[in-house]
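Participant: The structure under discussion is supplied below as structure tokens; questions concerning it will follow.
The values are calculated or read from the model by the stated rules, or taken from the named source; none is laboratory data. For clarity, every value in this text was computed on a predicted model and none was experimentally measured. All Cβ positions, glycine included, derive from the backbone under ideal geometry; neighbour counts span all protein chains shown.
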Amino acid sequence: MELGIGDDKSVEQYPYQQGETPGMAQVEEETEIPFYEVHEIVVPHLGHVPIAKGDFHRLPKKVQKFIAYYCDLLTPRGLYICDGTVKEADEVVHKLLERGTLEPLEKLDNCFICRTDPADVARVESKTWISTKQKHDTEPDCKEGVNTIMAHWRSPEEAKKETSERFPGCMAGRMMYVIPFSMGPIGSPLAKVGVQLTDSNYVLLCMRVMARVSEKVWDALGDNDFVKCVHSMGCPRPWRKKVVNHWPCNPEKILIAHFPEERKVKSYGSGYGGNSLLGKKCFALRIASVIARDEGWMAEHMLIMGLTDPQGREHYLAAAFPSACGKTNLAMIKPGLPGWKVLCVGDDIAWMKFDETGQLFGINPEAGFFGVAPGTNWKTNPNAMHSFQANTVFTNIAKTEDGGYYWEGLEDELPKDTKITTWRGEPFKIGDPIKAAHPNSRFCCPAAQCPIIHPKWEDPKGVPIDALIFGGRRPEGVPLVYESFDWNHGVMVGAQLKSETTAAAEFKGKNIMHDPMAMRPFMGYNFGHYLQHWLNLNKAPNKVPKIFHVNWFRVDKEGKFLWPGFGENVRVLDWICKRVRGEDVAFKSPIGYMPKKGTINLEGLGPIDWDALFDLPREYWQQDCKETQKFLEDQLGKDLPKEILEECKKQTERISKM
Ligand code: TSX
Ligand code: MN
């Protein structure tokens, strides 16, 4: 099975061939005839910037100010104020097709492939940072000589220098699109408004899928603040450099800068996913985690699902996994047990808040899935497959001769002699020794198209969260499931989250990497303060949910997976629900409550080695405890909450008595 790459993929970690395929390079046309009528409106604040679409004067005053400031600075050739209509999408698609940035997938309805410049294929962590007045608001007090692996700080002075080298005039000769969007159902008390300025209509197209883009957002804004998102491909005209694949970008100058105190994101040089769809990782995780700290809620890298048992009892679960653990697959599993029902609320991000009764409620702030394509097939994730049969933008996948999609993982679902064109435009046949799709290639489709989308997925109140789950890819030592003793212990379990990565080129083979709360690449502030914020949530009237840890990836001595995974994971979720209801199906172990033998339903599975799945090797856990405590002390120094250190020590103590 092909592994998905997911969130953690970065250009540095995956130095994919940067060479060019002959015929890929084009010299970009110097001028562009607008496909819409340009009105001769001269806006006082905007000087000569023509309005191609929309009524600037009807926008909220604070939005006018924001746009006017950036028109002045970025000097676009025109302003296109988006309304979110289907007609608008059709116009944009038409333009992208005409230019060659998009290619239709004839076999599907309203689906397209976009092939990027091969130099712009992933999030760039080394160019992603947070700027606050005080360094300590972003980075913990690491131990002497240790660098933080979480949010990376830049001083306001440096930020000023870096941004002023890039942004002035960067939209010369380009259209500036103004995208009003809501993260979360428009008008929901848990939702937040953003406005993204971008010079990429591909970005506009994907933002329309991933966020709620609509004129209604202007009304929903009211007296509230909005998150200011500024994005440019960084290719002002005349652009003399080579443009590859009709994808103008500026990889050497990439910058993804966050200003949480100003609720602002500035992104330059890249059009790819998390670098450019600023509502997603930049806003809904990094900026939102700061807002959540200030306002007393949680912005987490979690899926949300509703699970209904054969008796009709429903529980809602939120789960955090590092990349390459199959989070999107889990968010929409087809249960392997008869009579069970899983419904998907979200696959990537959860915004959660305790209501006045103390019940935790969660929403999915997104409106679409931006999933890793390779590894997705009718066996691993049939519900995702159904979701992207229409109205989908695929990026860097391969195409079949008959206008269908192809990527690694679909080998057994297509005729062996299918003629395929790779993401780089080369001819390909199944079995060839190169990759047809980029490992980080994506589908971008509306969540509403998921056959098991939850009827309450757009409920403005959210859904009541009964349990939080952390998971990692842990080939050794870590049991299938365990439950934390209490909230503080659970926060420690999240803080010590680790997962195996096959990624980094500089490491030989596989590596277990720390990814606390699965938030390592997405933290918006000091991680010690973040842990303290979690700890503080456990106060009246809040009823904090139980916290669990799962591991689908334990292997035996031959390296064979001990657990069948996928739809069968519902059996583990069933046990979690029993615990939520307070059933006596657990015993105390040194690392938490574990299932009493036989309390996980294994009916109809082949032979399962229960003892191997739940074994706790003493040496392994002694070593793990030591390593984890050192990691947290190194990373957080004085910012490590004493409660977490206490939990580490108690766990070490319990393990020493095993
Ligand atoms: O997504 C996965 N999940 C969660 C699914 C709901 N994957 C794919 C990970 C890469 C993104 C899994 N891989 C899971 C899993 O639960 N488990 C495994 C490991 C595994 C792989 C193949 C088999 C079994 C387990 N095959 C057979 O048993 C035949
Ligand atoms: Mn993610």
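Participant: In region 435-486, which residue that is of a type in the set (A, V, I, L, M) and under 27 Å from Gly358 (Cα atoms) is farthest from ligand 2 (Cβ to nearest atom)?
Facilitator: The extreme case among them is Val481.
Participant: Of everything in region 64-84, what is within 27 Å of the chain's Cα centre (by Cα) and either free of Cβ contacts under 8 Å to residues at least 12 places away in the same chain or under 21 Å from Cys445 (Cβ atoms) (or both)? Give them in sequence order.
Facilitator: Cys82, Gly84
Each row is one residue, and each column tells you yes or no for (1) among the hydroxyl-bearing types (Ser, Thr, Tyr); (2) touching a Gly at 6+ places or on another chain (Cβ under 7 Å).
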| site | (1), (2) |
| --- | --- |
| Lys242 | no, no |
| His246 | no, yes |
| Lys253 | no, yes |
| Ile256 | no, no |
| Pro260 | no, yes |
| Ser270 | yes, no |
| Gly274 | no, no |
| Lys280 | no, yes |
| Ile291 | no, no |
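Participant: Does Thr357 fit the bill of being at pLDDT 95 or above, of a type in the set (S, T, N, Q) and away from ligand 2 (no atom under 16 Å from the Cβ)?
Facilitator: When the stated conditions are applied, Thr357 passes them.
Participant: Would you confirm, using the coordinates I've provided, whether Ala518 is within 16 Å of ligand 2 (Cβ to nearest atom), aliphatic (A, V, I, L, M) and at pLDDT below 95? Break it down into steps so the answer makes sense when it comes.
Facilitator: Details: within 16 Å of ligand 2 (Cβ to nearest atom): yes; aliphatic (A, V, I, L, M): yes; at pLDDT below 95: no.
Judged against the criteria, Ala518 is not a match.
Participant: Are there any pairs, at least 6 apart or on different chains, whose C-beta atoms fall under 6 Å, with the first in region 348-361 and not assigned by TED's automatic domain parsing to the domain that holds Ile287 and the second within 16 Å of ligand 1 (Cβ to nearest atom), and if so, which?
Facilitator: Cβ pairs passing all conditions: Ala350/Met302; Ala350/Ile304; Ala350/Ala318.
Participant: For Pro310, state whether it is within 12 Å of ligand 2 (Cβ to nearest atom) and outside the structural domain of Lys62 (by TED's automatic domain parsing).
Facilitator: no
Participant: When the residues of region 618-642 are filtered to those that are touching an Asp or Glu at 6+ places or on another chain (Cβ under 8 Å) and not in a helix (DSSP H, G or I), which remaining residue is surrounded by the fewest Cβ atoms within 10 Å (Cβ to Cβ)?
Facilitator: Lys638
Participant: For region 289-398, which strands (runs of 3 or more DSSP E) that fit wholly inside it have 1 or more residues that are of a type in the set (Val, Ile, Thr)?
Facilitator: Ranges flagged: 302-308, 341-346, 360-363, 368-372, 393-395.
Participant: Tell me which of these Arg554 doesn't satisfy, since it passes every other one: (1) within 16 Å of ligand 1 (Cβ to nearest atom); (2) under 30 Å from Gln134 (Cα atoms).
Facilitator: Unmet for Arg554, out of (1) within 16 Å of ligand 1 (Cβ to nearest atom); (2) under 30 Å from Gln134 (Cα atoms): (2).
Participant: In addition: Give me the pairs, please: first residue somewhere in region 537-564 and without any contact (Cβ under 8 Å) to a residue 12 or more places away in the chain, second residue anywhere and surrounded by fewer than 17 Cβ atoms within 10 Å (Cβ to Cβ), beta-carbon distance under 6 Å, and either six or more positions apart or on two chains.
Facilitator: These pairs meet every condition: Phe561/Val555.
Here is a yes/no grid of residues against (1) assigned to a loop (DSSP other than H, G, I, E, B); (2) assigned by TED's automatic domain parsing to the domain that holds Pro564; (3) more than 16 Å from ligand 1 (Cβ to nearest atom); (4) surrounded by fewer than 22 Cβ atoms within 10 Å (Cβ to Cβ):
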| site | (1), (2), (3), (4) |
| --- | --- |
| Asp412 | no, no, no, yes |
| Lys416 | yes, no, yes, yes |
| Ile430 | yes, no, yes, yes |
| Ala436 | yes, no, yes, no |
| Arg473 | yes, yes, no, no |
| Phe485 | yes, yes, yes, yes |
| Val493 | no, yes, yes, no |
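Participant: Okay, next question. Inside region 153-172, can you point out the residues that are under 10 Å from Ser131 (Cα atoms) and among the aliphatic types (A, V, I, L, M)?
Facilitator: Once the filter is applied, which keeps residues that are under 10 Å from Ser131 (Cα atoms) and among the aliphatic types (A, V, I, L, M), region 153-172 yields only Ala159.
Participant: For Val243, all conditions in the list (1) more than 16 Å from ligand 2 (Cβ to nearest atom); (2) closer than 20 Å to Glu162 by Cβ hold save one; what is the number of the exception?
Facilitator: (2)
Participant: Which of (1) closer than 28 Å to Phe443 by Cα; (2) crowded, with 18+ Cβ neighbours inside 10 Å; (3) not aromatic (Phe, Trp, Tyr) is the odd one out, the single condition Gly187 does not satisfy?
Facilitator: Tallying (1) closer than 28 Å to Phe443 by Cα; (2) crowded, with 18+ Cβ neighbours inside 10 Å; (3) not aromatic (Phe, Trp, Tyr), Gly187 fails exactly one: (2).
Participant: On the given criteria, is Lys588 closer than 28 Å to Ile465 by Cβ and of a type outside the set (Val, Ile, Thr)?
Facilitator: yes
Participant: Here's another thing I want to ask about it. Considering only residues that are more than 33 Å from the chain's Cα centre (by Cα) and in a strand (DSSP E or B), look in region 587-610 and name the one that is farthest from Ser656 (Cα to Cα).
Facilitator: The extreme case among them is Phe587.
Participant: Now for a different question. Can you spot a residue in region 571-585 that is farther than 28 Å from Ala292 by Cβ, of a type outside the set (D, E, K, R) and crowded, with 20+ Cβ neighbours inside 10 Å?
Facilitator: yes
Participant: How many residues are among the aromatic types (Phe, Trp, Tyr) and within 15 Å of ligand 2 (Cβ to nearest atom) if we restrict to region 327-352?
Facilitator: So the count comes out to 1.
Participant: Filter region 85-109 down to residues that are within 24 Å of the chain's Cα centre (by Cα) and surrounded by fewer than 21 Cβ atoms within 10 Å (Cβ to Cβ), then give me how many there are.
Facilitator: Matching residues across region 85-109 total 1.
Participant: Would you be able to say whether some residue in region 216-226 is part of a strand (DSSP E or B) and either outside the structural domain of Leu73 (by TED's automatic domain parsing) or closer than 26 Å to Phe443 by Cβ (or both)?
Facilitator: No.
Participant: I'm checking my understanding of the structure. Among residues of region 290-336 that are more than 10 Å from ligand 1 (Cβ to nearest atom), crowded, with 24+ Cβ neighbours inside 10 Å and over 17 Å from Ile465 (Cβ atoms), which one is nearest to the chain's Cα centre (by Cα)?
Facilitator: Pro322
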